[in-house]
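See structure below.
The values are calculated or read from the model by the stated rules, or taken from the named source; none is laboratory data. This one's a predicted model, so the numbers in the text were calculated from it and none came from an experiment. Please note: Cβ atoms are built from the backbone with ideal geometry, for glycine as well, and neighbour counts cover all protein chains shown.
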Amino acid sequence: MTGKHGTGLSLRTLTPHHERQPGNRRTAPDALWLVQAFANSRWDLDHDLRDQFATTDLLAGWLVARHLLEPGAPVSEADRRRALDAREGIRTLLFVNNGLPADDAAIERLNETLRGRATSVRLSGQSRPDFVTHGRGVDATLALLGGSIAAAQLDGSWSRLKACPGDHCGWAFYDHSRNDSGTWCSMAVCGGRAKAREYRRRKTRVP
């Protein structure tokens, strides 16, 4: 079960939820698994690629499955809109990590969703600092996402979480390659398609 402190959530003790990945990739390490899963909620690989935040009930189910919301707790349409704004802002940051231009408006909307979503810093003499929320739900999840991203940007792991630039893709994947050179969520799918397109483009240029 996801780690918690009292009725809140703890960044350090979050237990990763199994998230299927294209190409059998490994999920992102540490608390970045939550950022990756949140970004990838735009598709459900097991249910016809539906948006997992398409309704308030679907969003609530996603949160409950990851122990970020108590079963039966309400999720409003305003909560869902904040989650969507946060997700698109995170996705544009991940595209930036893969060399694409930033959508400044989407990043600003992300920052707006994080404004006022407080966490407490919990210090220890034996381990790294922890971030703890004062409850559960959409606001607490957004607070943990912000803490996860900030911590990853500071420790250098953030640049490895990328969005695939493949046509109609954008899947968030963690680049485990030694030199941080990965581009595609799956070389066999998006990478192969890109190579095929480039091959056809070169062929059409041959006199």
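Looking only at residues of the stretch 47-64 that are in contact (Cβ under 8 Å) with a residue 24 or more places away in the chain and surrounded by 15 or more Cβ atoms within 10 Å (Cβ to Cβ), we find that the one that is nearest to Thr13 (Cα to Cα) is Leu63. Residues in the stretch 79-122 that are in a loop (DSSP other than H, G, I, E, B) and either among the charged types (D, E, K, R) or surrounded by fewer than 18 Cβ atoms within 10 Å (Cβ to Cβ) (or both): Gly99, Leu100, Pro101, Ala102, Asp103, Arg115, Gly116, Arg117, Ala118. When we screen Val132, Val138 for residues that are modelled with pLDDT of 90 or more, more than 27 Å from Asp44 (Cβ to Cβ) and buried (at least 16 other Cβ atoms within 10 Å of the Cβ), the only hit is Val132. Against the list (1) of a type in the set (S, T, N, Q); (2) outside any helix (DSSP H, G or I); (3) under 15 Å from the mean Cα position of the chain (by Cα), the condition Ser148 fails is (2). Please verify whether Ser186 is more than 30 Å from Gly8 (Cβ to Cβ) and of a type in the set (Ser, Thr, Tyr), treating the condition exactly as stated. Answer is yes for this residue. Within the stretch 35-78, take every residue that is in contact with a Leu (Cβ under 7 Å, 6 or more places away or on another chain) and part of a helix (DSSP H, G or I) and give me the one that is nearest to Arg20 (Cα to Cα). By that ranking, first place goes to Gln36. Could you please find all residues in the stretch 168-207 being buried (at least 16 other Cβ atoms within 10 Å of the Cβ), part of a helix (DSSP H, G or I) and at pLDDT 55 or above? Residues satisfying the conditions are Val189, Cys190. Between a residue in the stretch 23-46 that is under 17 Å from Gly166 (Cβ atoms) and in contact (Cβ under 8 Å) with a residue 60 or more places away in the chain and any residue that is in a loop (DSSP other than H, G, I, E, B) and aliphatic (A, V, I, L, M), which pairs come within a Cβ distance under 7 Å, given they are 6 or more apart or on different chains? Going by the 7 Å Cβ cut-off, the qualifying pairs are Gln36/Ala28; Trp43/Leu49.
Looking only at the stretch 86-105, which residues are closer than 20 Å to Leu59 by Cα and over 13 Å from the mean Cα position of the chain (by Cα)? Quick ask: steps written out before the conclusion?
We begin by selecting, within the stretch 86-105, every residue closer than 20 Å to Leu59 by Cα; these are 86-91.
Residues satisfying the conditions do not exist here.
When Leu154 is tested against (1) surrounded by 13 or more Cβ atoms within 10 Å (Cβ to Cβ); (2) part of a helix (DSSP H, G or I), just one condition goes unmet, and that condition is (1).
Can we say Gly23 is touching a Cys at 6+ places or on another chain (Cβ under 7 Å) and part of a helix (DSSP H, G or I)? So Gly23 passes the test.
I'd like the full set of residues that are modelled with pLDDT under 95 and farther than 12 Å from Thr183 by Cα, limited to the stretch 158-167. Matches in the stretch 158-167: Asp167 only.
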